[in-house]
Number of protein chains: 2
Amino acid sequence: MRFRGILRILGLLICLFSATLIPPGIVALIYEDGGGVAFLLSFIVSIVVGFVVWYPNRNERSDLKVRDGFLLTVLFWTVLGSVGILPLWFTAEVPLSITDAAFESFSGLTTTGATILTGIEHLPHSILFYRQQLQWLGGMGIIVLAVAILPMLGIGGMQLYRAEIPGPLKDAKMTPRIADTAKHLWYIYVALTLVCAVAYKLAGMGWFDAIGHAFSTIAVGGFSTYDASMGYFDSSTINTICVVFLILSSMNFAVHYAAITGRSLWGYFKDPEVRGFVFIQAVLIIIVFMTVLVHKVFDNTELAFNQAMFQAVSISTTAGFATTDFASWPLFLPILLIFASFIGGCASSTAGGLKVVRVLLLFRQGVRELNRLVHPQGMYSVKLGKRIVPPRVVEAVWGFFAAYALVFVVIMLGLLATGLDDITAFSATAACLNNLGPGLGEVAANYAGIPDAAKWLLVIAMLFGRLEVFTILVLLTPTFWRS
Amino acid sequence: MRFRGILRILGLLICLFSATLIPPGIVALIYEDGGGVAFLLSFIVSIVVGFVVWYPNRNERSDLKVRDGFLLTVLFWTVLGSVGILPLWFTAEVPLSITDAAFESFSGLTTTGATILTGIEHLPHSILFYRQQLQWLGGMGIIVLAVAILPMLGIGGMQLYRAEIPGPLKDAKMTPRIADTAKHLWYIYVALTLVCAVAYKLAGMGWFDAIGHAFSTIAVGGFSTYDASMGYFDSSTINTICVVFLILSSMNFAVHYAAITGRSLWGYFKDPEVRGFVFIQAVLIIIVFMTVLVHKVFDNTELAFNQAMFQAVSISTTAGFATTDFASWPLFLPILLIFASFIGGCASSTAGGLKVVRVLLLFRQGVRELNRLVHPQGMYSVKLGKRIVPPRVVEAVWGFFAAYALVFVVIMLGLLATGLDDITAFSATAACLNNLGPGLGEVAANYAGIPDAAKWLLVIAMLFGRLEVFTILVLLTPTFWRS
Ligand SMILES: [K+]
Ligand SMILES: [K+]
């Protein structure tokens with residue numbers, strides 16, 4: 001392990017993160033909301049910490065190897081999540097316990113969007129801006145993670161995407177390739193955010209809300225500056241804008257990149273994952289719409305369609321924005337949408353869940369098993385589009401699926417041990433592991449009412465979900481540390 | 001497809017089944033409970049139906065092929081389950097709707113043990129005997145299914161057991177081998193039942209209860225002749241006897257056979273599945289015992305241990321006997337035990353669930369993935385004991401796991417659509433798919449209160465669970481019917 005090389009990068013990242021505390025500080029100055037001191041203090045602490053970590057290791061320029069990548073990835077999220085606690089903790093207007101501040105910080109950075117705050121609209125503007133920006137930064141991190149790091153580490157079958165990454169990212173030298181890859185996709189990410197913010201503004205939001213919600217929309221994060229979330233605006237147009245950008249942000253960013261560089265929309269139609277994703281979204285919207293219509297949840301058909309579409313997309317892409325109390329929708333709807341969040345968005349997007357491509361692979365493998373039972377001598381391969389998927393990738397996806405299920409069961413039993421009821425424990429685990437946000441039962445609106453131990457368990461669930469389970473599990477094996 | 005050959009065997013099986021209506025008829029005569037007419041009528045109807053199916057096809061002696069095995073297996077369970085409705089429906093003392101009678105019959109034959117009956121102890125003795133016997137017969141069917149048919153069909157990785165089956169069962173000729181294999185294992189099954197009945201009698205049950213409960217214990221079925229189930233006897237000795245025989249019945253019967261023919265207990269220690277099963281049981285008993293002790297659920301330690309052991313084993317082996325209302329036990333205990341029922345017992349036993357060997361394989365595959373992440377160039381194989389498991393078997397197990405999950409999700413959403421609450425729908429699906437029996441919420445005691453549509457969905461769940469999902473799924477593919 002090249003610990004010093006890892007520390008060097010980590011130190012730089014902390015310094016870089018401290019710079020992101022400047023915009024909320026400026027917001028504090030603009031709105032004179034009294035939050036400025038907290039951000040100044042946090043900035044100083046984090047830049048000092050970053051410097052102290054970086055300085056002694058500044059000359060460690062040896063390239064990191066794949067194995068260092070696991071440790072760096074986990075440290076990146078845990079350390080930045082911890083540094084992210086500072087402004088929340090230092091702001092006197094938000095008297096948060098360390099547990100609550102940590103929950104909020106990790107929920108933001110992992111783009112989970114679960115909150116322990118209530119009366120959000122009365123918080124200082126700087127803190128509101130900071131929360132939204134935290135999700136946006138988390139989304140940037142996920143893009144690097146999903147597009148550059150996970151394929152190289154080979155987590156959960158993501159080696160499948162090695163060839164598709166823009167730029168030559170096939171050998172073991174990490175840093176320069178990642179920077180190059182990330183840059184291309186961040187352009188797209190930033191462009192989507194700008195267009196989304198303008199659209200929100202034109203639809204009636206103020207600039208502050210428009211930018212803040214664009215941050216959490218493109219990150220598929222789900223934080224809002226209001227308790228009522230998107231429901232505050234009570235606007236079908238805003239809902240529709242949100243749906244469009246959630247769907248775009250839940251698609252593979254490498255596919256966006258290919259479409260832009262090739263100046264053609266054909267890539268979207270050709271990509272089996274995007275096709276699968278759009279199909280799933282369409283089916284969900286239809287089912288939810290028909291059910292709320294039959295049960296007369298809304299007064300008129302247009303409203304019913306808009307709400308059905310919004311909640312179906314918001315929950316199933318793991319954004320977690322709300323316009324209405326969908327947890328009390330009739331029959332199977334709440335559970336259906338929670339189940340859908342297990343599928344989530346496409347790989348290499350900012351969405352959570354197992355990812356569409358993996359579910360597609362599992363489905364294809366199931367079909368292959370059926371064919372094999374009928375024709376035991378037949379040769380069947382698992383295909384994705386026209387590509388044959390190597391058995392090793394399929395095995396990695398199965399391993400991922402099983403590990404996800406195991407982590408789910410352990411966290412849910414842990415939550416029950418803290419005294420939560422069954423449906424709260426189930427939905428909170430799903431909502432945090434899938435980086436969705438809102439759950440059902442006690443955690444339908446926010447996570448304020450659950451015990452501290454449950455909050456920490458859920459922070460772990462968020463990290464497991466965001467880091468695709470295996471990145472963390474690997475660190476828990478003796479093999480990893482041995483040689 | 002050799003339809004006529006299938007019909008010939010089916011006709012014979014129905015005739016054979018009609019013979020099993022004679023013992024309950026005799027019970028009716030002994031106890032003069034008025035149930036005799038119903039059984040006589042059912043006997044006549046079923047023997048006539050069997051004869052009509054068999055007679056035109058009596059000369060079809062061509063050997064069945066593997067593919068015919070799928071159809072025959074599904075028809076065997078659905079047709080016998082349907083014929084099994086007759087006595088329940090004809091008995092005037094038990095005014096059951098056709099739905100309720102079907103639920104009870106399929107629940108019996110699949111050894112699920114979920115019941116829609118209340119006031120069971122007031123039913124005619126003949127009906128009580130019939131229900132217990134139905135589970136016992138179901139258990140006999142499962143042994144043939146698990147030991148002879150599933151390995152040949154290659155369902156869910158069960159081809160792994162092809163070599164281990166007593167007798168040379170490696171080519172495609174079905175019928176004579178099955179009969180031979182079944183005979184050996186049925187001796188063990190009958191012997192276990194006799195010893196269990198005597199043990200129950202010595203512990204204080206009357207002969208009627210002793211035989212009836214031995215039937216449902218060895219079948220890991222869970223039907224009882226009392227509403228309070230095993231709790232009626234309020235005896236630690238009876239609970240312990242039940243636990244011992246449930247554990248024996250949940251072990252691979254081929255391992256029992258090897259131990260008996262080899263006159264050595266060594267086979268039990270050597271078998272990785274049995275070891276895994278015993279380990280899981282021990283861990284569950286300890287966790288449940290510690291938790292009920294800490295929460296002072298029972299007055300004294302001995303009672304707490306006996307109850308903890310009984311419920312842990314009864315639920316996790318998918319028997320589903322009750323001594324106490326475990327659904328109201330504190331914290332995670334009810335959900336933990338329901339989760340444990342997903343693992344269930346060993347393959348080639350009468351227990352339900354995914355089966356220990358499959359969970360073991362998934363776990364080994366997960367560990368392999370972790371090793372591969374650390375050493376991408378390393379060669380790792382999935383082992384079971386000292387045997388390397390072929391990739392094809394591992395793939396089949398993954399397919400099984402995914403199909404099981406898919407069926408679970410679809411049935412649970414279907415139940416929610418009938419209006420059940422979340423926890424009832426979740427636990428009922430688990431309880432029926434795992435062939436466990438009792439659930440939580442509205443179905444903790446019995447299934448009387450749920451809508452008819454839900455009952456039918458659960459009958460389908462029982463069949464999917466018992467027939468290991470793929471046997472039914474294969475019949476739904478066009479490929480199966482094409483050539
Ligand atoms: K989210
Ligand atoms: K059972």
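The values are calculated or read from the model by the stated rules, or taken from the named source; none is laboratory data. All values reported here derive from a predicted model rather than from experimental measurement. Cβ placement follows ideal geometry from the backbone for every residue including glycine, while neighbour counts extend to all protein chains displayed.
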### Query
Any idea which residue in region A:324-342 is farthest from the other protein chains (Cβ to nearest Cβ), counting only those that are within 16 Å of ligand 1 (Cβ to nearest atom) and in contact with a Ser or Thr (Cβ under 7 Å, 6 or more places away or on another chain)?
A:Ser341
### Query
Residues in region A:342-357: is at least one closer than 27 Å to A:Thr225 by Cβ, out of contact with any Phe, Trp or Tyr (no Cβ under 8 Å at 6 or more places or on another chain) and aromatic (Phe, Trp, Tyr)?
no
## Note on the structure
Reported set for region A:371-397 where residues are over 30 Å from A:Ile142 (Cα atoms) and either surrounded by 22 or more Cβ atoms within 10 Å (Cβ to Cβ) or more than 7 Å from chain B (Cβ to nearest Cβ) (or both) is A:Arg372, A:Leu373, A:His375, A:Gln377, A:Gly378, A:Met379, A:Tyr380, A:Ser381
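Have a look at B:Ala219, B:Ala228 and point out the one that is over 25 Å from B:Glu273 (Cβ atoms), out of contact with any Asp or Glu (no Cβ under 8 Å at 6 or more places or on another chain) and aliphatic (A, V, I, L, M).
Details: B:Ala219 fails: over 25 Å from B:Glu273 (Cβ atoms).
The conditions single out B:Ala228.
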### Summary
Checked B:Phe208, B:Phe215, B:Phe233 against criteria (within 16 Å of ligand 2 (Cβ to nearest atom) and under 24 Å from B:Ile120 (Cβ atoms)); the one match is B:Phe215
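One residue is enough: does region A:39-55 have a residue meeting the conditions in contact (Cβ under 8 Å) with a residue 60 or more places away in the chain and either over 26 Å from A:Ile116 (Cα atoms) or assigned to a helix (DSSP H, G or I) (or both)? Spell out how you get there, then give the answer.
The first filter runs over region A:39-55 and keeps only residues in contact (Cβ under 8 Å) with a residue 60 or more places away in the chain, leaving A:39.
Retained after the next criterion (residues that are either over 26 Å from A:Ile116 (Cα atoms) or assigned to a helix (DSSP H, G or I) (or both)): A:39.
Among the residues of region A:39-55, at least one is in contact (Cβ under 8 Å) with a residue 60 or more places away in the chain and either over 26 Å from A:Ile116 (Cα atoms) or assigned to a helix (DSSP H, G or I) (or both), which makes the answer yes.
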### Summary
Heads up, the helices (runs of 4 or more DSSP H) in region A:98-178 (entirely inside) with at least 1 residues that are modelled with pLDDT under 80 and away from ligand 1 (no atom under 16 Å from the Cβ) are A:150-153
### Summary
Within region A:343-370, residues among the small types (Gly, Ala, Ser) and more than 10 Å from chain B (Cβ to nearest Cβ) come out as A:Gly344, A:Gly345, A:Ala347, A:Ser348, A:Ser349, A:Ala351, A:Gly352, A:Gly353
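In region A:398-416, how many are touching a residue at least 24 places away in the same chain (Cβ under 8 Å) and facing another protein chain (nearest Cβ under 9 Å)? Break it down stepwise before answering.
Step one: filter region A:398-416 for residues touching a residue at least 24 places away in the same chain (Cβ under 8 Å), giving A:398-401, A:403-404, A:407-408, A:411, A:414-415.
Checking which are facing another protein chain (nearest Cβ under 9 Å) leaves us with A:398-401, A:403, A:414-415.
Residues that pass the stated criteria total 7.
Would you point out the residue of region B:231-255, among those that are assigned to a helix (DSSP H, G or I) and modelled with pLDDT under 90, that is nearest to B:Asn446 (Cα to Cα)?
Filtering region B:231-255 for residues assigned to a helix (DSSP H, G or I) gives B:231-232, B:236-249, B:253-255.
Okay, now just the ones that are also modelled with pLDDT under 90, so B:231, B:253-255.
Details: B:Gly231: 15, B:Phe253: 30, B:Ala254: 34, B:Val255: 35 Å.
Here the residue is B:Gly231.
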### Query
Does A:Val443 satisfy the criteria of being more than 20 Å from A:Thr110 (Cα to Cα), more than 8 Å from every other protein chain (Cβ to nearest Cβ) and of a type in the set (Val, Ile, Thr)?
no
### Meets criteria (in contact (Cβ under 8 Å) with a residue 60 or more places away in the chain and of a type in the set (Ser, Thr, Tyr)) for A:Tyr380
no
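For (1) within 16 Å of ligand 1 (Cβ to nearest atom); (2) aliphatic (A, V, I, L, M); (3) out of contact with any His (no Cβ under 9 Å at 6 or more places or on another chain); (4) within 14 Å of chain A (Cβ to nearest Cβ), each residue gets a yes or a no:
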| residue | (1), (2), (3), (4) |
| --- | --- |
| B:Phe277 | no, no, yes, no |
| B:Gln281 | no, no, yes, no |
| B:Val292 | no, yes, yes, yes |
| B:Leu303 | no, yes, yes, no |
| B:Asn306 | no, no, yes, no |
| B:Val313 | no, yes, yes, no |
| B:Thr317 | no, no, yes, no |
### Message
Go through (1) in a loop (DSSP other than H, G, I, E, B); (2) closer than 17 Å to B:Ile155 by Cα for B:Thr479 and report which single condition fails.
### Response
(1)
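Using the structure shown, decide if B:Gly221 is part of a loop (DSSP other than H, G, I, E, B), closer than 20 Å to B:Lys355 by Cα and in contact (Cβ under 8 Å) with a residue 24 or more places away in the chain. Spell out how you get there, then give the answer.
Details: part of a loop (DSSP other than H, G, I, E, B): yes; closer than 20 Å to B:Lys355 by Cα: yes; in contact (Cβ under 8 Å) with a residue 24 or more places away in the chain: yes.
So B:Gly221 fits the description; yes.
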### Message
I need the full set of residues from region B:446-483 which are more than 14 Å from chain A (Cβ to nearest Cβ) and without any contact (Cβ under 8 Å) to a residue 24 or more places away in the chain, in order please.
### Response
B:Gly449
#### Entry: Scope region A:410-456; condition within 16 Å of ligand 1 (Cβ to nearest atom) and assigned to a helix (DSSP H, G or I); matching residues
A:Ser427, A:Ala428, A:Thr429, A:Ala430, A:Ala431, A:Cys432, A:Leu433, A:Val443
### Message
What's the number of the only condition in (1) surrounded by fewer than 24 Cβ atoms within 10 Å (Cβ to Cβ); (2) within 16 Å of ligand 2 (Cβ to nearest atom); (3) basic (Lys, Arg) that B:Arg466 fails to meet?
### Response
(1)
### Message
Can you report the number of residues in region B:417-439 which are more than 7 Å from chain A (Cβ to nearest Cβ), more than 16 Å from ligand 2 (Cβ to nearest atom) and touching a Gly at 6+ places or on another chain (Cβ under 9 Å)?
### Response
5
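Does B:Ala92 meet the test of being in contact (Cβ under 8 Å) with a residue 24 or more places away in the chain and either assigned to a helix (DSSP H, G or I) or within 14 Å of chain A (Cβ to nearest Cβ) (or both)? Write out each step before concluding.
On the way: in contact (Cβ under 8 Å) with a residue 24 or more places away in the chain: yes; either assigned to a helix (DSSP H, G or I) or within 14 Å of chain A (Cβ to nearest Cβ) (or both): no.
Against the criterion (in contact (Cβ under 8 Å) with a residue 24 or more places away in the chain and either assigned to a helix (DSSP H, G or I) or within 14 Å of chain A (Cβ to nearest Cβ) (or both)), B:Ala92 does not qualify.
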### Message
Exactly one condition in (1) more than 16 Å from ligand 2 (Cβ to nearest atom); (2) touching a helix residue (DSSP H, G or I) at 6+ places or on another chain (Cβ under 6 Å) is false for B:Phe269; which is it?
### Response
(2)
